[in-house]
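The values are calculated or read from the model by the stated rules, or taken from the named source; none is laboratory data. Keep in mind the model is a prediction, meaning the values are calculated, not measured. Neighbour counts run over all protein chains shown; Cβ positions are idealised from the backbone, glycine included. In case anyone asks, the SASA skips ligands and DNA or RNA and just uses the protein heavy atoms, side chains included. Shrake-Rupley method; radii C 1.70, N 1.55, O 1.52, S 1.80 Å.
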Amino acid sequence: QVQLVESGGALVQPGGSLRLSCAVSASIFDIYNLGWYRQAPGKEREWVVTISRGGTTTYTSSVKARFTIFRDNAWSTVYLQMNSLSPEETAVYCCDMNERYWGRGTLVTVSS
């Protein structure tokens with residue numbers, strides 16, 4: 001059974017940085033991509049970034065210069081390094097596998 005568990009959400013000041021983690025319980029042969037989505041209060045879920053099986057990364061334009069996705073070689077953990085955070089990026093951040101399986105999310109609050 002596939003299981004995704006996020007961690008690392010916290011309260012961070014505007015301009016600050018945070019690193020999120022997602023523990024992936026799945027066969028590496030079943031993983032085609034891993035990624036992150038976020039949902040801000042009262043808004044629709046937004047795709048943030050995806051890393052493919054081959055290592056190709058794709059980011060939504062608003063985070064390209066500030067966020068970085070990476071994973072370990074065994075695909076057991078995927079990370080999201082977030083820098084220069086703004087209050088508008090307060091959201092529940094969820095990791096996903098193959099756009100099919102989802103974690104329950106971790107809350108990131110950007111506020112002074």
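Springs join every pair of Cα atoms under 10 Å in this Gaussian network model of the chain, and among T90, T68, T56 the largest mean-square fluctuation is at T56.
When only DSSP loop residues count, what trypsin sites (Lys or Arg not before Pro) in segment 1-91 have their Cβ near at most 11 other Cβ atoms within 10 Å? Answer by residue number: K43.
Take the Cβ atoms of Q13 and A65, set R0 to 25 Å, and the FRET efficiency comes out at 0.85. Under a model in which nothing but the beta-carbon of Lys, Arg (+1) and Asp, Glu (-1) is charged, segment 7-112 shows a dipole of about 80 debye around its Cα centre. With 0.36 nm allotted per residue and the present C-alpha distance subtracted, the S112-E44 stretch has 22.0 nm of extension available.
So what is the relative contact order of the chain, in percent, for Cα pairs below 8 Å that sit 6 or more residues apart? Provide the component values of the computation, followed by the final result.
On the way: 268 pairs, mean separation 43.0, N = 112.
Dividing the mean separation by the residue count of the chain yields 38 percent.
The apolar share of the surface of the chain, taken as the fraction of accessible area on carbon and sulfur atoms (1.4 Å probe, ligands and nucleic acids excluded), comes to 48 percent. Calculated accessible area for the chain comes out at 54 Å² per residue, all protein chains present (probe 1.4 Å; ligands, DNA, RNA ignored).
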